[in-house]
Amino acid sequence: MKVRFLIALIAAIVWMSCGNRTKKSVPTTTDSLNTTDMSSEKINIYQIMVRLFGNKKTTNKFYGSIEENGVGKFNDISDRALVELKKMGITHLWYTGIIEHATMTDYSSQGVNVDDPDIVKGRAGSPYAIKDYYDVDPDLAVDVKNRMAEFESLVERTHKHGLKVIIDFVPNHVARTYSSDAKPAGVTDFGETDDVTKAFSPANDFYYIPGKPFVVPAGTDAGGKDFKSPLKDRQFDENPAKATGNNVFTAKPSLGDWSETSKLNYGVDYQNKEKTYFDPIPPVWLKMKDILVFWVNKKVDGFRCDMAEMVPVEFWNWVIPQIKEVNPQVIFIAEIYNPGQYEKYINQGKFDYLYDKVGLYDGIKRLIRNEPKADVKDISHVVNVESKAFSSKMLRFLENHDEERIASPAFAGNPAYAKPGMVVSATLSGGPVMIYFGQEVAEPGKGIEGFGGDDNRTTIFDYWGVPEHQKWMNNGAFDGGKLSEEQHELRKFYSDLLRISKETEAIVRGEFIELSNQPAFNNRMYAFIRYTDKERVLVVANFDRSKTLKTNITVPQELIKGMSKGEIVVSDLMNGKTFTTDAASAGIPINLGPSDVLIYKF
């Protein structure tokens, strides 16, 4: 969900460490620490907002319709696009916005229920306000009635190129207009059997505000002033009102709340000291398990689980092992923002990977932005304290759909400033690293799109073209034909880094040594070595925008023991050059300019 809601989220998830958790049908003990990698492969994820990725239109009208601003399709992610992403070193594609969500676009002629625009954010709608868990977004299909087949073809096409498919699983909330018209026979919709006279019941799927109808938030102007619809009347018929996805228990949420969504009930009574009711298994748990199985059977390889810590860890402990019985190789990634919960969601929750946002991302962003309090001690704290025992379980990134674009003026402006941070993110452990489409060509997220606003991000709410990405896409050729020389160089940097991190043994599965107290270093310079019995990789990152780092790096003697006379051949993995040095007596010479980074193998 959007970063601007993060403060509200942190307050909302305090309950995770509270409440009665003694129900006999749910395990309550913490398992032994799980620090092994899923495989010997380094996972490199490329996040694609499908609605935007293949859109060739450049109109970019404020609050533009699908006809005016255009939309990307499943079919736009072509064989050619997949070949180029594979060459870049990508292993997994996170297709964002796949599952059908609420929208202002009218597909009633195709048999799709119309959504009330007063409880939809943006003309396209948020991909995190799910309308039907058993269907895909009609926006993304060339033939709307054949939309699931087009998605299945995309999955098959992706697998044909040796890439794996990740989609979003949004377990915490649904759109207020949720109603599945594609559900399998025998499936009961959320809320279908609820007792709406009760604010909370273990048997209910939703939370209610009895006796009070829902009130559309003040300031709502669905689709902007030019959008016309007979349903646009600042009214929405929901009585009694449901609690919002961000745990707001009122019939009158604000526009800044997740007012377009309804919170799902996993058996936690938030308004009664967060008391839990996990025995018998809550009905939402059973429904969500069936949904996950449905998508695994569609050959999806993994799930990025939206706001995973707003769902009880006991649910994940219960459901993930069952899904892995269907496909042992499926991966689960938790969007999580509370470092105090990391170990619990790995060990008890059974997640394969967790977001490393509050920790590494935040610390590196301060360094990239040249903030007064920026310090590489933040990186050191992450690797030596915060995630020391499970560093390979942390998903590192500098961009995703929630975060500001690196090339935006609020972040780095100059994308070169982010190179040290990107290298550190990719090489600090054998865990996964992710980039967001357009990041590799310096997309700045510029423009006032509609509901998304001018917030240095690429909108997830609106129909829009992504200009710098479109230059690489080049009308479907995916050859970078319209990129500048600087953009080609930046994309080569990302490609080289991803390939190096995937193909270098010491990065994939090596041990870690932090090189502290090195001569000439200041608090914006950081170095470490990843090593195995066969090879060693030195990473030196200079985040300082004004100072050149010229020194000799002292290598721990145990890493060069046995080498002839201490002489070693050093390979610069980013430019292919080599040199010889006497590491035992002189160390490894470094001459690194401002905002630069190196990766040496020896």
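For the range 369-378, does any single residue satisfy the condition of being closer than 23 Å to Arg530 by Cα and among the β-branched types (Val, Ile, Thr)?
Yes, some residue in the range 369-378 is closer than 23 Å to Arg530 by Cα and among the β-branched types (Val, Ile, Thr).
Go through the range 109-129 and count every residue that is buried (at least 24 other Cβ atoms within 10 Å of the Cβ), under 23 Å from Asn75 (Cβ atoms) and aliphatic (A, V, I, L, M).
Residues that pass the stated criteria total 1.
Kindly list the number of the only condition in (1) on the phi > 0 side of the Ramachandran plot; (2) touching a Ser or Thr at 6+ places or on another chain (Cβ under 8 Å) that fails for Asn370.
So Asn370 meets the others, but not (2).
Has the range 306-320 got any residue that is closer than 30 Å to Lys164 by Cβ, among the acidic types (Asp, Glu) and not in a helix (DSSP H, G or I)?
The answer is yes, given that some residue of the range 306-320 is closer than 30 Å to Lys164 by Cβ, among the acidic types (Asp, Glu) and not in a helix (DSSP H, G or I).
Evaluate the range 454-471: report whether one residue or more is modelled with pLDDT under 95 and more than 22 Å from Ile166 (Cβ to Cβ).
Yes, the range 454-471 contains a residue that is modelled with pLDDT under 95 and more than 22 Å from Ile166 (Cβ to Cβ).
For a quick check of your reading: which strands (runs of 3 or more DSSP E) sit entirely within the range 55-170 and have at least 2 residues that are among the aromatic types (Phe, Trp, Tyr)?
Filter on the range 55-170 gives 92-96, 130-136.
What residue, of Asp106, Asp79, is open to solvent by 30 Å² or more (accessible area, probe 1.4 Å) and under 23 Å from Val441 (Cβ atoms)? Full working, then the answer.
Working: Asp106 fails: under 23 Å from Val441 (Cβ atoms).
Asp79 is the lone residue from the list that is open to solvent by 30 Å² or more (accessible area, probe 1.4 Å) and under 23 Å from Val441 (Cβ atoms).
Specify the residue that is nearest to the chain's Cα centre (by Cα); the eligible residues are those in the range 477-492 that are open to solvent by 20 Å² or more (accessible area, probe 1.4 Å) and within 28 Å of Leu538 (Cβ to Cβ).
Only one residue tops the list, namely Arg491.
Considering the range 438-471 alone, what residues qualify as being outside any loop (DSSP other than H, G, I, E, B), out of contact with any Lys or Arg (no Cβ under 6 Å at 6 or more places or on another chain) and of a type in the set (Val, Ile, Thr)?
Just the residues of the range 438-471 that are outside any loop (DSSP other than H, G, I, E, B), to begin with: 439-441, 467-471.
Applying the additional criterion that residues be out of contact with any Lys or Arg (no Cβ under 6 Å at 6 or more places or on another chain) yields 439, 467-470.
Residues satisfying the conditions do not exist here.
Within the range 245-275, track down each residue that is buried (at least 22 other Cβ atoms within 10 Å of the Cβ) and over 28 Å from the mean Cα position of the chain (by Cα).
Within the range 245-275, none qualify.
For the range 500-602, please list each of the strands (runs of 3 or more DSSP E) lying entirely inside it that holds at least 1 residues being open to solvent by 10 Å² or more (accessible area, probe 1.4 Å) and within 27 Å of Leu367 (Cα to Cα).
Working: elements: 511-514, 525-531, 536-542, 549-553, 567-572, 578-582, 588-592, 596-601.
The qualifying strands (runs of 3 or more DSSP E) are 511-514, 525-531, 536-542, 549-553, 567-572, 588-592, 596-601.
Looking only at the range 358-410, filter to residues that are open to solvent by 10 Å² or more (accessible area, probe 1.4 Å) and among the basic types (Lys, Arg); which one of those is farthest from Cys305 (Cα to Cα)?
That would be Lys373.
Checking the condition charged (D, E, K, R) and not in a loop (DSSP other than H, G, I, E, B), which residue from Lys252, Lys212, Lys232, Lys263 passes?
On the way: Lys252 fails: not in a loop (DSSP other than H, G, I, E, B); Lys212 fails: not in a loop (DSSP other than H, G, I, E, B); Lys232 fails: not in a loop (DSSP other than H, G, I, E, B).
Being charged (D, E, K, R) and not in a loop (DSSP other than H, G, I, E, B) holds for just one of Lys252, Lys212, Lys232, Lys263, which is Lys263.
Going by the structure shown, is Lys242 touching a strand residue (DSSP E or B) at 6+ places or on another chain (Cβ under 9 Å) and at pLDDT 95 or above?
Numbers: touching a strand residue (DSSP E or B) at 6+ places or on another chain (Cβ under 9 Å): yes; at pLDDT 95 or above: yes.
So Lys242 fits the description; yes.
All but one of (1) open to solvent by 40 Å² or more (accessible area, probe 1.4 Å); (2) farther than 20 Å from Val597 by Cα hold for Asp455, so report the exception by its number.
Looking at each condition in turn, Asp455 falls short on (1).
When both residues are 6+ apart or on different chains and their Cβ atoms are under 9 Å apart, which pairs have a first residue that lies in the range 214-242 and is over 27 Å from Trp464 (Cβ atoms), and a second that is among the acidic types (Asp, Glu) and open to solvent by 80 Å² or more (accessible area, probe 1.4 Å)?
Phe214/Asp237
Would you be able to tell me the number of residues in the range 186-210 that are open to solvent by less than 60 Å² (accessible area, probe 1.4 Å) and among the small types (Gly, Ala, Ser)?
Result for the range 186-210: 3.
Test Gly421 against the stated conditions and say whether it is open to solvent by 10 Å² or more (accessible area, probe 1.4 Å) and either over 18 Å from Asp544 (Cα atoms) or within 19 Å of the chain's Cα centre (by Cα) (or both). Don't jump to the end; show me each part of the working.
Details: open to solvent by 10 Å² or more (accessible area, probe 1.4 Å): no; either over 18 Å from Asp544 (Cα atoms) or within 19 Å of the chain's Cα centre (by Cα) (or both): yes.
No.
The values are calculated or read from the model by the stated rules, or taken from the named source; none is laboratory data. Given the structure is predicted, the values throughout are model-derived calculations rather than measurements. Heads up, the Cβs are rebuilt from the backbone with ideal geometry, glycines too, and the neighbour counts pull from every protein chain shown. Areas reflect the complete protein model, heavy atoms only, side chains present, ligands, DNA and RNA absent. Shrake-Rupley method; radii C 1.70, N 1.55, O 1.52, S 1.80 Å.
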